[in-house]
Each structure stands twice: as C-alpha cells, then as structure tokens.
Amino acid sequence: EFHVLNDSLHNESGPSVKYRDGHSFWNINGIKVDEQIVMHPETQTIKQIHEEQHEEVRRIRLDRFGWTRYIVESGATILDSRENNIENTQEILVNTPLGLRFITFCPSTGRRYALEIKSEGIKTCEEAQQWLWGNKGIRVVGRT
C-alpha cells in the first residue's frame with residue numbers, strides 16, 4: 001500500500017508505505033519521518049524538536065506540534081504583533097530558542113507560515129517584513 005502526493009510519498013494520518021508483513025515507512029511531502037510525528041505529534045517534546053538535526057524533519061515536527069503550542073511551551077517571547085491591513089494578514093514576530101521567526105496567518109488559506117529571520121536588531125513585524133522583502137533567500141520553516 002502506497003500513499004503519494006505530488007509524486008512524493010506522503011501520508012499525514014498513517015504510513016506512506018505499508019507492506020503485507022507490517023513493515024511501514026512514514027513520509028510527509030517526501031521527507032522520511034518517524035511514526036510519532038505522523039500518528040502522535042502531540043506527544044513530541046520541545047527537546048525532540050530542538051535536538052532534531054535534519055532541518056526539514058524539524059520543520060515538520062514544528063508544524064505537527066503546532067506553532068502556538070511551541071511558542072508557549074518553549075518560552076518564546078513575542079516581540080511584536082500587528083494586523084497588516086495592506087495584505088490582510090495577522091502577523092507576529094517571535095524570538096524562539098531556534099531564533100527569530102516572523103509568523104503570518106493568511107485569512108484566505110487559513111495557513112500559518114513561520115519565516116526565519118536571520119538579522120539582528122529586528123524588533124517589529126514591519127522591520128521583519130521589510131527584511132524579508134529585501135532578502136531573496138526567503139525560507140519558509142513552517143506551514144500549517
């Protein structure tokens with residue numbers, strides 16, 4: 001039994017590959033993950049997230065754990081928040097143990113994006129957005 005999305009092994013509610021003998025593989029968007037991330041993401045710990053060496057797996061761990069929960073349980077600090085009336089988004093700038101993140105909530109898709117900010121001295125959502133627009137290497141580190 002195989003589950004594929006956009007030509008990649010993918011299943012957010014079970015194994016992406018399951019053989020008759022019971023052996024299984026777990027993938028999200030083609031990235032190999034463990035059973036816990038798929039079946040019991042709520043049981044992950046902050047320590048597991050922080051110690052995850054594979055960047056894409058860490059991103060998936062965070063997405064499945066939930067950014068709101070991560071902010072609360074990791075001791076992250078919200079530096080700024082705003083409702084961006086130009087783009088019709090809600091935004092927060094958060095200092096997490098993993099670094100600065102600009103989190104935006106898109107009302108049209110219902111998705112949350114956590115963008116990594118690699119610049120010191122940014123204290124507001126507006127400054128983070130200006131930095132992102134000026135930085136061609138925008139990297140989405142989380143999406144739910």
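The values are calculated or read from the model by the stated rules, or taken from the named source; none is laboratory data. Treat the numbers as computed from the prediction; the structure is a model and nothing was measured. Cβ atoms come from the backbone with ideal geometry, glycine included; neighbour counts cover every protein chain shown. To get the accessible areas, we keep the full protein, side chains included, count just its heavy atoms, and leave off ligands, DNA and RNA. Shrake-Rupley method; radii C 1.70, N 1.55, O 1.52, S 1.80 Å.
Can you tell which of GLU120, GLU42, GLU87 is open to solvent by 20 Å² or more (accessible area, probe 1.4 Å), in contact with a Leu (Cβ under 9 Å, 6 or more places away or on another chain) and outside any strand (DSSP E or B)? Only one candidate passes the filter, namely GLU120.
If we keep just the residues of segment 10-39 that are assigned to a strand (DSSP E or B) and of a type in the set (S, T, N, Q), which is nearest to ALA76 (Cα to Cα)? Full working, then the answer.
Residues of segment 10-39 that are assigned to a strand (DSSP E or B), as a first pass: 17-18, 24-28, 31-33.
Keeping just the survivors that are of a type in the set (S, T, N, Q) gives 24, 27.
Details: SER24: 36, ASN27: 29 Å.
The extreme case among them is ASN27.
Just to be sure I understand the filter: pairs with C-beta atoms under 6 Å, separated by 6 or more residues or on different chains, first member in segment 36-62 and more than 16 Å from LEU115 (Cα to Cα), second member open to solvent by 40 Å² or more (accessible area, probe 1.4 Å). Which pairs pass? Cβ pairs passing all conditions: ILE37/ARG64; PRO41/ARG64; ILE46/GLU73; GLU52/ARG58. Here ILE49 does not qualify as over 30 Å from GLY134 (Cβ atoms), of a type in the set (A, V, I, L, M) and part of a helix (DSSP H, G or I). Given the criteria at pLDDT below 80 and assigned to a loop (DSSP other than H, G, I, E, B), does GLY142 qualify? So GLY142 does not fit the description; no. Considering only residues that are over 24 Å from ILE49 (Cα atoms) and at pLDDT below 90, which ones fall in segment 60-87? Within segment 60-87, ASN84, ASN85, ILE86, GLU87 qualify.
Out of segment 1-15, which residues are polar (S, T, N, Q) and either closer than 25 Å to GLU42 by Cα or surrounded by 11 or more Cβ atoms within 10 Å (Cβ to Cβ) (or both)? Outline the logic, then answer.
Going through segment 1-15, the residues polar (S, T, N, Q) turn out to be 6, 8, 11, 13.
Selection gives SER8, ASN11, SER13.
Within segment 22-45, the presence of a residue that is of a type in the set (Phe, Trp, Tyr) and modelled with pLDDT under 95 is excluded.
LYS18 falls short on exactly one of the conditions (1) closer than 24 Å to THR96 by Cα; (2) open to solvent by 10 Å² or more (accessible area, probe 1.4 Å), and that condition is (1). Listed conditions (1) surrounded by 12 or more Cβ atoms within 10 Å (Cβ to Cβ); (2) of a type outside the set (Ser, Thr, Tyr); (3) out of contact with any strand residue (DSSP E or B) (no Cβ under 9 Å at 6 or more places or on another chain) are all met by ILE71, apart from (3).
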